[in-house]
Amino acid sequence: MEVKAIARNLRISVRKARPIARRVQGLKLADALAVADFSTLKAARFLAAALRSAAANAKNNNNLDPETLTVKKAVFDEGSRMKRYWCGARGSAKPIQKKLSHVTVVLTNE
């Protein structure tokens, strides 16, 4: 059985977040949480929150034991972009796009 959790509109770009997601795929839930908790990356906090949410979904909604779960998929996808402007020379405005991302975590007990 698969259990899913999604965290949306996280204030981090996907290029910075994808390496930690690749690192936890295929691990047991406890090992994946250990990797995420002891990492110094900002994306690791977001990933750990999504992993804990998926574990809570498995326990409360499907009566699964969190100790038997493994990370089947952990993916950071692009979200929308916040459009801002920075002052440029001679009164011009330079556009800035602040990137957002979504994380999807799928746990399985197989």
key: region 1-82, accessible surface, carbon-and-sulfur percent (1.4 angstrom probe)   = 48
note = If the chain between Ala49 and Glu67 were fully extended at 0.36 nm per residue, the gain over the current Cα-Cα distance would be 4.8 nm
request  = Just check region 6-57 against the gyration tensor rule for me: Cα atoms, a ≥ b ≥ c as the square roots of the eigenvalues, rounded for a/c under 1.5, and otherwise prolate or oblate depending on whether a/b exceeds b/c.
outcome  = oblate
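Which order, highest average first, do 27-33, 9-15, 100-106, 88-94 follow once you tally other Cβ atoms within 10 Å for each residue and take the mean per peptide? All intermediate terms of the calculation are to be shown ahead of the outcome.
Working: 27-33: 17.9, 9-15: 15.9, 100-106: 21.0, 88-94: 7.9.
Sorting 27-33, 9-15, 100-106, 88-94 by mean packing, highest first, produces 100-106, 27-33, 9-15, 88-94.
May I ask for the net charge around Ala48, where only other residues with Cβ less than 12 Å from the Cβ of Ala48 are counted and Lys, Arg are +1 while Asp, Glu are -1?
Values: positive: Lys42, Arg45, Arg52; negative: Asp37.
Its environment carries a net charge of +2.
Can you give me the accessible area per residue for region 1-45, using a 1.4 Å probe, in Å²? Let's see the in-between values first.
Working: 2960 Å² over 45 residues.
Each residue of region 1-45 exposes 66 Å² on average to a 1.4 Å probe.
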inquiry  = Under the rule a/c < 1.5 gives rounded, and otherwise a/b versus b/c splits prolate from oblate, where does the chain land using the Cα gyration tensor?
reply    = prolate
request  = In whole angstrom, note down how far apart the Cα centers of region 1-36 and region 47-80 are.
outcome  = 9
query = In the structure shown, do any of Lys28/Lys98; Lys16/Lys72; Lys72/Lys99 have a Cα-Cα gap over 23 Å, and if so which?
reply = Lys28/Lys98; Lys72/Lys99
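Net charge near Asn61: determine it from the other residues with C-beta under 15 Å of the C-beta of Asn61, scoring Lys and Arg +1 and Asp and Glu -1. Numbers along the way, then the final one.
On the way: positive: Lys4, Arg52, Lys59; negative: Glu2, Asp65.
Neighbourhood net charge equals +1.
Please compute the net charge surrounding Leu100, taking Lys and Arg as +1 and Asp and Glu as -1 over other residues with Cβ under 11 Å from its Cβ. Intermediate results must be reported in sequence, preceding the final value.
On the way: positive: Arg8, Arg11, Arg81, Lys98, Lys99; negative: Asp77, Glu78.
In short, +3.
The values are calculated or read from the model by the stated rules, or taken from the named source; none is laboratory data. This is a predicted model, so every value here is computed, not measured. With ideal geometry, Cβ positions are generated from the backbone for all residues, glycine too; neighbour counts draw on all protein chains shown. Calculation scope for accessible area: heavy atoms of the full protein, side chains included, ligands and nucleic acids excluded. Shrake-Rupley method; radii C 1.70, N 1.55, O 1.52, S 1.80 Å.
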